[in-house]
Structures are given as C-alpha cells and as structure tokens.
Amino acid sequence: MTLRIGIIGCGGIGQEHARRLHFKLAGAQVVAINDINLAAATQFSEMSGIQARVLDSDQAVIDAPDVDALVVASWGPAHEEQVLACIKAGKPVFCEKPLAVTAEGARRIVDAEVQAGKKLVQVGFMRRYDAGYRALKATLDAGTVGDALLVHAAHRNPAVPEMYVGDMSITDTFIHEIDVFRWLLNDDYVSVQVIEGRKTRNAHAGLHDPITVLLETRQGIRIDTEIYVACRFGYDIQCHVVGETGVASLPEPMSVPLRSNARQGSGILMDWKLRFIDSYDVELQDWIEATVRGEVNGPDAWDGYVASVTAEACIEARRTKQILPIALPERPAFYARQG
Ligand code: NAP
C-alpha cells in the first residue's frame, strides 16, 4: 500500500520532508500541500517535481479524501490547531516539534487523542532514530555499564541568528535533549535548575549564552547539559552516561582521522542539518510503515506533552533561579511506555 500524504507547512523542513517522503523513502506519495504562503507552496510543488495539488487551507488538506495521513511542518504556534483537526478527522499525523507551544495546548492534544480512542499522533523528535543514540541505548539497556548514575551532555552550535533570543535555547535547542534523555534512560524528570554563568562575547544582546541545565530523574539520575549556541567551533552534540561500572558515550559522527602538518585530529560538523540527517530518513520510514499498520511507533503525544511541561519548568527555573519540581501527572495507560 502507498500512504498518500498531505503536507501542511512548506518551509525549510516541510520541503525536506516532502522530498524525502515522495522521492527517497518507500511506500509514500505526497498528494496535497498547503502553506500559509500559497504561492510559495505552488512554486515548491512544481519546482520539486512532486506536482502535488496545492490546496487553499490546512483544513482542506486534512479533509481531502485521497489524503491518508498528514505531516505538520508549519510554524510552532499553528501546530496545536492543525493536530487537533487531524485527530478530529481520524487521520494519522506526524507533527514536527513542538507538539504545541504550551504544555496546556499539548495536554489538549493528549486529551483529544484519548477521547478519540486511537493513537494517531507522532512528534518529530528524530534523535531517537539516530544510529549513535540507538547504539548508546542498546548499551545501557544491556547493562554494560551497570545502572546509569550521571549524564554529562552538551548541545553546542557555532552561531544562531539575531531572531534566536531569550528562552529559545530551551524551547528550540534543549527540547531535543529533554526528549532523548527520557527515552535513553527509560525515566522521567522530577526537578530542574538552570544556571546562567559568564556570557560569551559572541552571543548577541538578546541571548544569554551558554547556560547549564541540571535535571534530576525519578531514579535519581543527575543530568547536566551545557547549551552553548554561539560556540563558534562547531555543531557538537555530546552525551556521556556514567554508570556503576563504566562510562558509555554517544559515538562521534564519522570523520576521517588525520595526521597532517604536525597535527592529528578530525573534523567537527558546522551545520546542524547534517548531524541528524540520516535519522530523519529512518524516522519517517518507520512512521510510514507504522502508519500503514495502524500504529504509532515513535514519540507520541504524551512524549510531546512531557517535553512541553519540562521546557516550561526549565524556563521558570531559569527565571526564578530556583531548583523547581517538574510536576507530571501519571502517564495514562493509553500511552503505556514502549521502552
Ligand atoms: P519555516 O522555514 O519557517 O517553515 C514554516 C512554514 O510554515 C513557512 O513556510 C510558513 O509560512 C508556514 N506556515 C506558518 N503558519 C502556517 C499555517 N498556519 N498553515 C500552514 N503553513 C504555515 O520553519 P522550519 O524550519 O521549516 O520549521 C517548521 C517546524 O519544524 C518548526 O516547528 C520547527 O521547530 C520544526 N523543526 C524541527 C526540526 C527537527 O530537527 N526536528 C528541524 C527544523 C525545524 P511563512 O513563512 O509565510 O510564515
């Protein structure tokens, strides 16, 4: 069966996902597209060679009888309404992060899905599909370093644009760590502290950079993450899990080790888009196959909700300079953990 897909939002990642689904992956075809900028959507549909119908509203794509499933890649504030409309129509939806821009909004999606009685929503937390994180999780799950005790992590980016300000280092950047650590450790968070230290002269006026986020999990695992988005030297993702009998680390991206000009070393990526590029393929291929089976196999609406609750707690902890509890309601049985 070929899954017929409607795309809502044809900006950077919407276009990439549309091309990936239509030309690269197996079992999917993009048949309808909408963007708030219809001219841009039309141009993309024609220039890309996808030649999908461009419909004049997001709802028209959701309602189209030949659309089996949706990809929501519009800007964040539109996600909630669009995902709720997909649930109402009974259609599976892959929503790019964030699921909603508030925890309350994400909760409304969870409630609507539970009410509908069928899991339909997957959230675009693609790190769970990265080969390196998967290898690290397999190592931890096998007990190779014993029980996890501590995690030391870093999310470094060479530079960010002037429009990246305030708490975006949490809502746009750290949000990926928030999701992936819960999955990696089979755990949830109970408290958070955010520390602003000395600011780099390379950060623009609207941004305090770097910051450190300290999370504590239900099992007592302590996670420290450096978020440093004006680091200049590279896009560098680090994750070291200290266990009872050893340390397991996220593998570095493949890079040729060099001995040259009296130095030894290897390259560091500069562009975030390249760091997890393969994981987008694995993520969406898995989504296609699970959707055809009538399942949601990846990060679900509950995971999107937990990410939003945690991000809001991080922002409040930063504002108040306090260690704050992260209050999560019990996970509904509907969203039983898949491991
Ligand atoms: P973008 O380039 O700004 O694209 C968003 C597109 O959606 C734009 O074309 C925008 O049109 C359109 N749009 C805005 N409101 C809409 C609406 N109500 N209905 C339909 N289309 C609408 O942003 P992006 O970088 O592609 O990001 C899109 C989403 O993906 C964001 O939520 C972002 O956080 C997420 N994302 C995730 C990853 C990841 O690694 N998982 C990576 C990149 C982005 P206008 O430009 O005319 O407003």
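Largest GNM mean-square fluctuation across 101, 247, 93, computed for the chain with C-alpha springs under 10 Å, falls on 247. The 1.4 Å probe gives accessible areas that order 321, 88, 118, largest first, as 88, 321, 118.
Per residue, the average separation of C-alpha pairs within less than 8 Å and at least 6 apart gives the stretch 197-278 a relative contact order of 20 percent.
Accessible surface calculations at 1.4 Å, restricted to protein heavy atoms, place the chain at 45 Å² per residue.
Restricting the stretch 219-317 to trypsin sites (Lys or Arg not before Pro) that sit in a DSSP loop and have at most 14 other Cβ atoms within 10 Å of their own Cβ leaves 232, 293. Considering only Cα-Cα distances, which of the following residue pairs are longer than 25 Å: 137/273; 91/137; 24/88? Violating the 25 Å limit, Cα to Cα: 91/137; 24/88.
Each Lys and Arg Cβ is given +1 and each Asp and Glu Cβ -1; about its Cα centre, the chain then shows a dipole of about 660 debye. Surface composition of the chain: carbon plus sulfur atoms contribute 53% of the solvent-accessible area (1.4 Å probe, protein chains only, all chains present). Straight-line cross-link reach from residue 321 at under 29 Å between alpha-carbon atoms covers these lysines, not counting any fewer than eight positions away in the same chain: 97, 199. Taking the charge dipole of the stretch 111-256 about its Cα centre, with +1 at Lys and Arg Cβ atoms and -1 at Asp and Glu Cβ atoms, the residue from 185, 160, 140 reaching farthest to the positive side is 160.
On a 0 to 90 degree scale, rounded to 10, what angle separates helix 38-48 from the longest Cα axis of the chain? The two axes meet at around 80 degrees. Of the chymotrypsin sites (Phe, Trp or Tyr not before Pro) found in the stretch 67-126, those in coil by DSSP whose Cβ has at most 14 other Cβ atoms within 10 Å are 75.
Derived value for the chain: Kirkwood hydrodynamic radius 21.0 Å. Basis is the mean of 1/r over every pair of different alpha-carbon atoms. Taking 13 Å as the straight-line reach from the Cα of residue 118, the aspartates and glutamates in range (excluding those fewer than 8 positions away in the same chain) are 295, 300.
Compared with the dominant Cα axis of the chain, that is its longest principal axis, helix 175-185 is turned about 70°. If you run the Gaussian network model on the chain, springs between alpha carbon atoms under 10 Å, then out of 325, 92, 257 the most flexible one is 257.
The values are calculated or read from the model by the stated rules, or taken from the named source; none is laboratory data. Since the structure is predicted, the reported quantities are computational estimates derived from the model, not experimental observations. So basically every Cβ, Gly included, is an ideal-geometry build from the backbone, and we count neighbours across all protein chains shown. Ligands, DNA and RNA are stripped out before the accessible areas are found, and what is left, the full protein with its side chains, is counted by its heavy atoms. Shrake-Rupley method; radii C 1.70, N 1.55, O 1.52, S 1.80 Å.
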